Amino acid sequence: MTTTSPTAAGSGANATQAFRAARQSSGGEVTSPERVSDVVQAVLSGVHEAIRAKKVTYPEFQAAKQWLIDLGEGGEWPLFLDVFVEHVVEEVAAETQHGTKGSILGPYYLPDQPKLPSVSTLPMRSDEKGKPLVFTGQVRDTDGNPVAGAELDLWQADDEGYYSGFAPHLPEGNLRGVVVSDGHGRFEVTTIQPAPYRIPTDGPTGGLIEAAGWHPWRPAHLHLIVRAPGHRNITTQLYFQGGRWVDDDVAQATKPELVLDPRPGDDGKLRARYDFVLEPA
Ligand code: DHB
Ligand code: FE
C-alpha cells in the first residue's frame, strides 16, 4: 500500500468531518422527550430481543463492545450507518414522496460544488480513466411542465470506485458538479462510467463484513440531489442495467425505477437518458 492509497481510517475520518460540517450548517432540530423515549425504547427492545433470541454470550457482548469502540475511533459511523441502516430511513421517507424515486445519500456528498451550464462535462483529470458517458434528460414537475433552472447536484466514484474529497490521491472536486437545466428543463452531462464501489475492507465495517461472510460491494452508481425553488428535493442514485451487484447491493439501495440503460452513440460514447419529476414542496 502506498501512502496515498485510500484507507478506511482516511475515508471514515473525512466522512465524519463532512457530516459534522453539514449538520452545523443545517442547524439542530428539537425533539420532544416523548419522541426520544418512544424511538430509543423501540431500538433497545430490538437489541434486547435479539440477545434473547440468539442467546448472546458474555464474550460475544464484549466483542460487540470492542467493535463499536473501534467503529467510533475509526470515524466509521457514517460509513456503517449509511450502508446498513439508511435504506430503511429512505424507505419511510419515500412513503410520502411522489415523482422520481429516492435513494440513500451515503457518506460522500460534499456541498457547494461549482455550478455548470446545462450542457457540461463534469470536472475530471485530463487523463481520467473510464468509458465516456453522456447523461441527458429533462426535469419536469408532477403536471409534466419542464422545470427550467433546476439544479442537478451530481457526484460519483471514478473508474476505480473512489470519491474525490475522501481518497487522498484524487483532485478536489473531481467528478462533482451542479448542472443547471436549461429553459426547457433539459441537461446533457458528459462524464465517465463509475466503477462499482467497495466498502473499505481494512477498517471495522470491513472486518464485520468479512467476519460475517458477506460481500462489501455496491453496484456502480451516479449520485444526485435534484432541486428547484418551490419543489421538494430528490436525493437519489442511478444504476446501470446489467451491472455487477445491481441485484445484490450491500447497502440495499437499488430500485428498479433507478436503472439506466446506456447505449453506445454514433461517437462511441455511452449515452443514457433519465427524466426527473419533482413534486411541489
Ligand atoms: C457508502 C458509500 C457509497 O458510495 C454509497 O453510495 C453509500 C454508502 C458507504 O461506504 O457507507
Ligand atoms: Fe456512492
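The values are calculated or read from the model by the stated rules, or taken from the named source; none is laboratory data. Note that the structure is predicted; figures quoted are calculated from it, not measured. Note that each Cβ is placed from the backbone with ideal geometry, even for glycine, and that neighbours are counted across all protein chains shown.
Val89 meets each of the listed conditions (1) surrounded by 18 or more Cβ atoms within 10 Å (Cβ to Cβ); (2) under 17 Å from Ala22 (Cβ atoms) apart from (1). One residue alone among Gly213, Gly185 is free of Cβ contacts under 8 Å to residues at least 12 places away in the same chain, out of contact with any Ser or Thr (no Cβ under 6 Å at 6 or more places or on another chain) and either under 21 Å from Lys101 (Cα atoms) or more than 15 Å from ligand 1 (Cβ to nearest atom) (or both), and that residue is Gly213. Would you check if there is a residue in the range 243-266 being in a strand (DSSP E or B), farther than 20 Å from Gly161 by Cα and either over 19 Å from the mean Cα position of the chain (by Cα) or among the aliphatic types (A, V, I, L, M) (or both)? So far as the range 243-266 goes, yes, one or more of its residues are in a strand (DSSP E or B), farther than 20 Å from Gly161 by Cα and either over 19 Å from the mean Cα position of the chain (by Cα) or among the aliphatic types (A, V, I, L, M) (or both).
Within the range 235-281, the residues that satisfy the criterion of being within 19 Å of Glu95 (Cβ to Cβ) and more than 16 Å from ligand 2 (Cβ to nearest atom) are Pro256, Glu257, Val277, Leu278, Glu279, Pro280, Ala281. Of note, Ser103 does not satisfy the criterion of being within 30 Å of Thr7 (Cβ to Cβ) and away from ligand 1 (no atom under 16 Å from the Cβ).
Summed over the range 117-136, the residues that are more than 18 Å from Asp158 (Cα to Cα) and either within 21 Å of the chain's Cα centre (by Cα) or β-branched (Val, Ile, Thr) (or both) give a count of 2. Taking first residues from the range 251-264 that are among the polar types (S, T, N, Q) and partners that are modelled with pLDDT of 95 or more and within 16 Å of ligand 1 (Cβ to nearest atom), the Cβ contacts under 7 Å between residues at least 6 apart in sequence or on separate chains come to Gln252/His87; Thr254/Pro219; Thr254/Tyr239; Thr254/Val246. Entry remark, the range 180-239: residues being among the β-branched types (Val, Ile, Thr), crowded, with 18+ Cβ neighbours inside 10 Å and in a loop (DSSP other than H, G, I, E, B) number 1 in total. Inspection of the range 63-70 identifies no residue that is surrounded by 15 or more Cβ atoms within 10 Å (Cβ to Cβ), of a type outside the set (S, T, N, Q), more than 12 Å from ligand 1 (Cβ to nearest atom) and at positive phi.
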